[in-house]
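Please treat every number below as a calculation from the coordinates, not as lab data. Bear in mind the structure is a predicted one, so any value in this text is a computation, not a measurement. A quick note on method: Cβ atoms are made from the backbone with ideal geometry, for glycine too, and the neighbour counts reach across all protein chains shown.
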Amino acid sequence: MRIYVFEYITGGGMLDTNLPPSLVREGDLMLRALASDLGSIDGIQCLITRDARLAPLRLAADCWSVRTPEQFAETWAEALDLADAVWPIVPEHQAALERVTEAILAAGKGLLNSRPHAVRATASKLQTLRLLEDAGIPVVPTFGPNDVLPDIKGRWVLKPDDGAGCLGIRVFKDRDALCRAWDRLDGACPCVAQPFINGTAASLSLVAKDGEAVLLAVNRQRVALMDETLVLLGCVVNGLDLTDERLHGLADAVAAAYPGLWGYVGVDLMLTPDGPLVLEVNPRLTSSYAGLTEALGLNPAELVLGLHDGQRPRRPESSPGLPVEICLEFAGVA
């Protein structure tokens, strides 16, 4: 089986613009991990594309270098033609992941990721959290530009509605400061506002299909507040208690709310004394994936390929594992 692993940031999706160093670092981490996991499975061949501005990676995969958007379009079509299935690692920003997943299905290829309608539904943080809240799932209070912000004391957060990672997130000392900044925005990039939640930043690593999910790991997110912005410095995969039944129930509820979630899914949340509050749903690989194999002693790519072969989400019997730190710090951040 030949699988085209398309990592958007590093694989040619941004040849017409500058590459954000933080997203390149995350992209390479996920790409290395996934290519290694797939390469360890008998009968699997990997193909990747690589932005020629970046250093080559030593991977057990065929690598096609791309230099221009025009060359990428041709290479993408050729890779899609050769592949039996495609595993996209693409941000939801500006509907990029939705377009890619639709193109994969239109080509008649196996899609090793969430379905386009689930990608579309989770692209907006505001709409995602409102749907989850309607389903009875606890979420961080989130407000759009047409909402009246409640008088909640303390810091507030302003973030792009379909942003990637921590890019574009700003933190303000109070609601009034946020409102003044929000009024100055031109509206070209819709934003949402949230009260700053004190607690432990965390994420869930799930495998989902047809409204069912299995929780693989609960990860501690290392987030720093620097110059009124949030910066993701890394995470500790399997760094938090996997036996918390509330989190298993949360994973089940999120998958039931979005039955089009398929394969690996990340859920960002805050753990507070009153319980977990969901921040967003990522219908794709996240940086936490890079530590799962070492942390859990299992190959998560095998679990996803099992879904492709008709299996239901399952977690093989294994030891509790160990915490694994993933570092995303880069020059100029810390």
**Item:** Most mobile of Thr243, Thr49, Thr75 in a GNM of the chain (Cα contacts under 10 Å)
**Value:** Thr243
**Asked** How would you classify the stretch 2-113 from its alpha-carbon gyration tensor, with a ≥ b ≥ c the square roots of the eigenvalues: rounded for a/c under 1.5, else prolate if a/b is greater than b/c, otherwise oblate?
**Response** rounded
**Fill in**
Ranked on Cβ counts within 10 Å of their own Cβ, fewest leading, Arg67, Arg58 go Arg58, Arg67
**Item:** Eligible lysines near Lys125 by straight Cα distance, threshold 23 Å, same-chain separation 8 or greater
**Value:** Lys153, Lys159, Lys173, Lys209
**Request:** Using a 10 angstrom cutoff on alpha carbons, build the Gaussian network for the chain and name the most mobile of Ala123, Ala107, Ala301.
**Result:** Ala107
**Message:** Test of the criteria: in the stretch 125-200, which trypsin sites (Lys or Arg not before Pro) are in a DSSP loop and have at most 11 other Cβ atoms within 10 angstrom of their Cβ?
**Reply:** Lys153, Arg184
**Request:** Over all directions, average the projected area of the Cα convex hull of the chain and note it in nm².
**Result:** 16.5
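Fully extended, how many nm does the chain gain between Arg53 and Glu329 (0.36 nm per residue separation, minus their Cα-Cα distance)?
Numbers: separation 276, 0.36 × 276 = 99.36 nm, distance 2.05 nm.
Full-extension gain reported as 97.3 nm.
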**Complete:** Going fewest to most other Cβ atoms within 10 Å around each Cβ, Tyr4, Tyr289 line up as Tyr289, Tyr4
**Message:** If the only charges are +1 at each Lys and Arg Cβ and -1 at each Asp and Glu Cβ, what is the size of the charge dipole of the chain around the Cα centre, to the nearest 20 debye?
**Reply:** 340
**Complete:** Two pseudo-spin positions, 7 Å from Cα along C-beta at Arg184 and at Met1, lie apart in nanometres by 5.2
**Message:** Can you tell me how the stretch 176-334 classifies by the Cα gyration tensor, rounded, prolate or oblate, using a/c under 1.5 as the rounded cut?
**Reply:** prolate
**Fill in**
Calculated from DSSP helices alone, with each H run of at least 4 adding -39500 (n - 2.57) and the total divided by the residues of the chain, [θ]222 nm to the nearest 500 comes to -9000 deg cm²/dmol
**Request:** Identify, among Gln127, Ile104, Thr17, the residue whose Cα sits farthest towards the positive end of the charge dipole of the chain, taking +1 on the Cβ of Lys and Arg and -1 on the Cβ of Asp and Glu, with the dipole about the Cα centre.
**Result:** Thr17
**5 angstrom amide H check on Leu216, placed H, neighbours 5+ away** = Ser205, Leu206, Val207
